[in-house]
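Below you'll find the structure, written out as structure tokens, and then a few comments.
The values are calculated or read from the model by the stated rules, or taken from the named source; none is laboratory data. Since we're looking at a predicted model, the values are computed, not measured. Here the Cβ is made from the backbone with ideal geometry for all residues, glycine too, and neighbour counts use every protein chain on show.
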Amino acid sequence: MNSAQFIITMFHGFGGKISGKTLLQKRAFFVSLLSGIDPGLGFDAHYYGPYSSAVDSTVSQLKDMGFLQEEVSDFGVMSGGFEMRRFDYSLTEQGEQIADGLKMLPEPTAVLKGIESIIQAGDPNYVELSIAAKAYFIVSKQKRPMSVSEITKEAEKYNWNIGEQSLRKAVDFLRTLGVAKDAATAST
């Protein structure tokens, strides 16, 4: 499975739409983890948690080919002059046709099962999913059980500010997904 097939299948599994780049990145992170399929996405630490430039470039390619549509919502300008925008993506009719054609193959089936696990675990919003991805990322790098306070301290090395209450909720989500033990995740 290549990255384009992965992204198209992921969009299809989430109802054809994903609102925001952060949610897109974190869903791709967890779907790859849960499905066991990584078509070279290469996630690394970034501002809002694990980030893949391959996901970003694949989305751009899919837009250029007419398989994804992008809508930009402007929310004004923050202090310091930074524009606030959200990028929403949806499969086009052509993208849906490709997703339908991929459904019967084994790898897309695994991707769809990973998506179903996320949905059944509560389908968190982009903030909650970002915190859970950060926690998983940290603990998997350490390869040992970590307390909530240890994760919070380690997060500071990435300039990630994670509140303990939010982190506890994230750890619960990871346990619900069944990946807490894989990452030797946080004891509370």
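List of remarks:
- Count of the stretch 98-122 residues which are part of a helix (DSSP H, G or I), of a type outside the set (D, E, K, R) and surrounded by fewer than 13 Cβ atoms within 10 Å (Cβ to Cβ): 4
- Scope the stretch 123-139; condition surrounded by fewer than 16 Cβ atoms within 10 Å (Cβ to Cβ) and assigned to a helix (DSSP H, G or I); matching residues: VAL127
- Residues satisfying the stated conditions in the stretch 7-21, i.e. among the polar types (S, T, N, Q) and outside any helix (DSSP H, G or I): SER19
- When ASP88, ASP56 are screened for being surrounded by fewer than 22 Cβ atoms within 10 Å (Cβ to Cβ) and free of Cβ contacts under 8 Å to residues at least 40 places away in the same chain, only ASP56 passes.
- Residues within the stretch 1-21 that are under 12 Å from GLY95 (Cα atoms) and aliphatic (A, V, I, L, M), tallied: 4
- Candidate set from the stretch 148-186 (those that are loosely packed, with under 13 Cβ neighbours inside 10 Å and among the polar types (S, T, N, Q)); member that is modelled with the highest pLDDT: ASN159
- Considering the conditions (1) among the hydrophobic types (A, V, I, L, M, F, W, C); (2) part of a helix (DSSP H, G or I); (3) free of Cβ contacts under 8 Å to residues at least 60 places away in the same chain, LEU24 is excluded by exactly one of them, (3).
- GLY66 passes every criterion in (1) in a loop (DSSP other than H, G, I, E, B); (2) surrounded by 13 or more Cβ atoms within 10 Å (Cβ to Cβ) apart from (2).
- Count of residues meeting criterion [touching a residue at least 12 places away in the same chain (Cβ under 8 Å) and farther than 18 Å from ASN161 by Cα] in the stretch 121-139: 3
- Top-ranked residue in the stretch 75-127 [being charged (D, E, K, R) and within 20 Å of ASP56 (Cβ to Cβ); ranked as modelled with the highest pLDDT]: ASP88
- Among the numbered conditions (1) buried (at least 21 other Cβ atoms within 10 Å of the Cβ); (2) outside any helix (DSSP H, G or I), the only one that PHE30 does not meet is (2).
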